[in-house]
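Peer 1: Structure incoming, see below.
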2 protein chains.
Amino acid sequence: MMGGVAEDVQSPRRSGRPRRPPLDRGVIAKAALEIIDERGWAGCTMLALASRLGVRAPSLYHHIEGQDQIVDLVRGLVIEGIIDPSESGLEWREAFFAFGVSYYRAFATHPNTIQTLSTTPVRDAPTLRMYEGFLRMMSEAGWDLTRSYEAVIGLEHLALGFAYEWNAEELMLDSGLALRHGAPLLAEITRDRTEQPVIAEATFLSLLRRYIEMFALHLGVDPSEAAGFDPPSRQERT
Amino acid sequence: MMGGVAEDVQSPRRSGRPRRPPLDRGVIAKAALEIIDERGWAGCTMLALASRLGVRAPSLYHHIEGQDQIVDLVRGLVIEGIIDPSESGLEWREAFFAFGVSYYRAFATHPNTIQTLSTTPVRDAPTLRMYEGFLRMMSEAGWDLTRSYEAVIGLEHLALGFAYEWNAEELMLDSGLALRHGAPLLAEITRDRTEQPVIAEATFLSLLRRYIEMFALHLGVDPSEAAGFDPPSRQERT
DNA sequence: ACCTGAACACCGTTCAAGT
DNA sequence: ACCTGAACACCGTTCAAGT
């Protein structure tokens, strides 16, 4: 009974290779991000995801607990490309800047993820590590936690705003519509945004520099007092 | 035939009053915003909306074209509370500041609208008017359109980020989870955020002041050149 | 262990039928 | 003119049944 030799004669080895990659969280995450990039988050249904993977929708539930977990997986994938500022060895301003730039680029590459990722609870380890890395870097430079946390929150939304505004499929503002509603200035500035993504990054970088300077001037203290330079009161470390 | 007197005898006038408000876009918008405030945008289904209005779902389609239009209506309602900086009569920095504050408050009052409103094309007249008003104010103060547009985009996302982060039902970051994943600094700063909304507004206001100063320093030009004062090259107005 | 078909509850939207 | 029940296509998810 066991070990029957009733195998097809003319498939000596060729038949052993499965024609689709074995399912696991990694390939599911990758497929999900691809669909989101191509068709937006709404297009990433369980059916679309399953059929891209050559499988039926219920099969996915053997590897993930539900749609929520796809959010976590995709977030991990997007966040992966962001540098850890606590391991950069740079002075805090430069580490902050490098972090901000790579944060912006990660999301500018995947603008369709922004809507969901920016307003969904963080549950994945890579993202928690990212925050911790930023806080550690700032802490080691002498900043207090509250200030550092405000800094990263503000930075995130500034970066996400620019990344989305200039890279998302659907434009937020339609020039023709603005004109028809008696908003000529708005209509003018929203015309011809073909090559704007490039300009947008330059603008963001410029803004980011200013943003960091703002914190360097010790937010909450009269700028004239702190004007001009180095890190605030350095905490003693053992 | 016409004008039959076959009316119920004992309902001389009382029966004339309908027990539910007549349906129109205004009441639909208001009901939608209430549901979104209470249960989040996902809770605002056509069924939930209809039943709050004492009506069946298909009835809504006699007044609105579909769910997309609900977005427009709700946006109009939220944006309504924001001041028009071009009619404030204030100096540009103060007008900018007042605009930013009322923008922040409008969304801090309705944090559950942020996810959808911040990533959905603008189609409603009130919001287009809001942008136009800001651009006109900046233009009259001598700023060029591109700079002004960047200013309002950056401001929006900064404001939305803070408004969401500190007022949304679901916290973005869970302290316990952070601790369990080896992120002690993040865990510490996200503990006890009970009365944070108040602190958040103060933080945002402080940040907003700096943000405006940043633009006052003529973004894109070496700050040491422009350091310290008044509006940029004033355009001639007829 | 993993995939599947069938089924369920719940969406948004359409439409012929009523008044 | 406006509301309704019934119906449709499409979701996410569950589960017993297969291998």
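Peer 1: For residue B:88, go 7 angstrom from Cα along the Cα-to-Cβ vector, then report the distances to that same point in the other copies in nm, smallest first.
Peer 2: The projected label point of residue B:88 is separated from its counterparts by 3.4 nm.
Peer 1: Right, something else. Suppose all protein chains stay in the model; what accessible area per residue would a 1.4 Å probe give for segment A:108-176, in Å²?
Peer 2: Numbers: 1920 Å² over 69 residues.
It amounts to 28 Å² per residue over segment A:108-176.
Peer 1: Now for a separate question. At a probe radius of 1.4 Å, figure out the B/A buried accessible area, summed over both chains, and give it in Å² to the nearest 100. Mind showing how you got there, number by number?
Peer 2: Working: alone 15090 and 15120 Å², together 25090 Å².
Chain pair B/A: roughly 5100 Å² of buried accessible area.
Peer 1: Using a Förster radius of 41 Å, what is the FRET efficiency between residue B:94 and residue B:65 based on their Cβ-Cβ separation? Nearest 0.05, please.
Peer 2: 0.50
Peer 1: Related question: With an 8 Å Cα cut-off and a minimum separation of 6 or more residues, compute the relative contact order for segment A:62-208 in percent.
Peer 2: 24
Peer 1: Taking the label point as lying 7 angstrom from Cα along the Cα-to-Cβ axis, what are the distances from residue A:59 to the corresponding position in the remaining copies, in ascending order and in nanometres?
Peer 2: 4.7
Peer 1: Next question, about the same structure. Ratio of alpha-carbon Rg to the 2.2 N^0.38 Å globular estimate for segment A:117-218, to two decimals, please.
Peer 2: 1.39
Peer 1: Grab the beta carbon distance between residue A:206 and residue A:144, set R0 = 41 Å, and tell me the FRET efficiency rounded to 0.05.
Peer 2: 0.90
Peer 1: Report, as an integer, the average count of C-beta atoms from other chains found within 10 Å of each Cβ along A:204-216. All intermediate terms of the calculation are to be shown ahead of the outcome.
Peer 2: On the way: counts 2, 0, 5, 9, 0, 3, 10, 6, 0, 4, 7, 2, 0.
Mean number of neighbouring Cβ atoms from other chains: 4.
Peer 1: Another question, then. Charges only on Cβ, +1 for Lys and Arg, -1 for Asp and Glu: so what's the dipole of segment A:77-189 about the Cα centre, in debye to the nearest 20?
Peer 2: Taking the Cα centre of segment A:77-189 as origin, the dipole is about 120 debye.
Peer 1: Per residue, what volume in Å³ does the convex hull of the Cα atoms of segment B:55-198 enclose?
Peer 2: Hull volume over Cα atoms, normalised by residue count, gives 166 Å³.
Peer 1: Putting +1 on Lys and Arg Cβ atoms and -1 on Asp and Glu Cβ atoms, find which of A:83, A:60, A:114 reaches farthest to the positive end of the dipole of segment A:49-116.
Peer 2: A:60
Peer 1: Still on this structure, please answer the following. Would you mind listing the distances between the residue B:192 label point and the same position in each other copy? Use 7 Å along Cα-to-C-beta, nm, one decimal, shortest first.
Peer 2: In nanometres, ordered from closest: 5.7.
Peer 1: Hey, rough spin-label estimate for residue A:55 and residue B:51, points 7 angstrom out along Cα→Cβ, what's it come to in nanometres?
Peer 2: 3.6
Peer 1: Which whole number gives the average, over all residues in A:134-141, of C-beta atoms from other chains lying within 10 Å of the residue C-beta?
Peer 2: Whole-number average of other-chain Cβ neighbours for A:134-141 is 2.
Peer 1: Another question, if that's okay. Computed over the Cα atoms of segment B:49-124, what is the convex hull's projected area averaged over all directions, in nm²?
Peer 2: So the mean shadow area of the Cα hull is 6.3 nm².
The values are calculated or read from the model by the stated rules, or taken from the named source; none is laboratory data. The structure displayed is predicted, hence computed values, not measured ones. Please note: Cβ atoms are built from the backbone with ideal geometry, for glycine as well, and neighbour counts cover all protein chains shown. We work out accessible area using only protein heavy atoms, side chains counted, and drop any ligands, DNA or RNA first. Shrake-Rupley method; radii C 1.70, N 1.55, O 1.52, S 1.80 Å.
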